[in-house]
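Structure first, then comments.
The values are calculated or read from the model by the stated rules, or taken from the named source; none is laboratory data. Fair warning: this is a prediction, and the values are worked out from it, not measured in the lab. When we count neighbours, we look across all protein chains shown, and the Cβ atoms used for this are built from the backbone with ideal geometry, even at glycine. Areas reflect the complete protein model, heavy atoms only, side chains present, ligands, DNA and RNA absent. Shrake-Rupley method; radii C 1.70, N 1.55, O 1.52, S 1.80 Å.
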Amino acid sequence: MINQPEPSEAPDTVAHGRRIHVLCSAISRSMAKKSQAKLGAVGLSAGAAGFIRAVGDREDMTLSDVAKVLRVETATLSALAVRLERDGLLVREPSSKDKRAMLLHLTPRARELGEQAEQITQAELAKLTEGITDADRIRLVELLQGILKNLDGDPP
């Protein structure tokens, strides 16, 4: 028989952790599905839009820099970078400071698509917290950052 906590005992942290994981995963999948459908209309995947946003936010980024920003492995982005370059959205050039590093630059077309993607993303993100007070939004972000810090020590 499984021991059930007495009402006066602390809540089951494993059950709460599982519920938080399930909810965060469901939110992520739902956002990706909705965004992907709309981003596809402008010719981008959600991954490409995120990549373009990351590179567009800062000059002289390397693939490794983008991977850190997006919290993925560099190898995960390699094929995407090749596709973006092939499609005329990304230019890679050797760094003048480090000959081993390739700097990433967006083309004007990528910047245009990135702006369209950002409008789509902003509209979806606005829906994410509809009906939730500003105070609750702030607290939710703080709580989620705490959870992420518990997992890897580095909240975004």
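Which percent of the accessible heavy-atom area of the chain goes to carbon and sulfur, probe 1.4 angstrom? In the chain, the share of accessible area belonging to carbon and sulfur is 57 percent.
Distance between the pseudo-spin-label points of residue 142 and residue 75 (7 Å out from Cα toward the beta carbon): 4.0 nm. Residues considered: 12, 57, 136. Largest GNM mean-square fluctuation over the chain, using C-alpha springs under 10 Å, is found at 12.
Considering the dipole of the chain built from charges on the beta carbon (Lys and Arg +1, Asp and Glu -1) around the Cα centre, which of 119, 41, 23 is farthest to its positive end? Going by the charge dipole, the pick is 41.
Which value in Å does the Kirkwood hydrodynamic radius of the chain take, with 1/r averaged over all unlike C-alpha pairs and then inverted?
Computed over the chain, the radius equals 18.3 Å.
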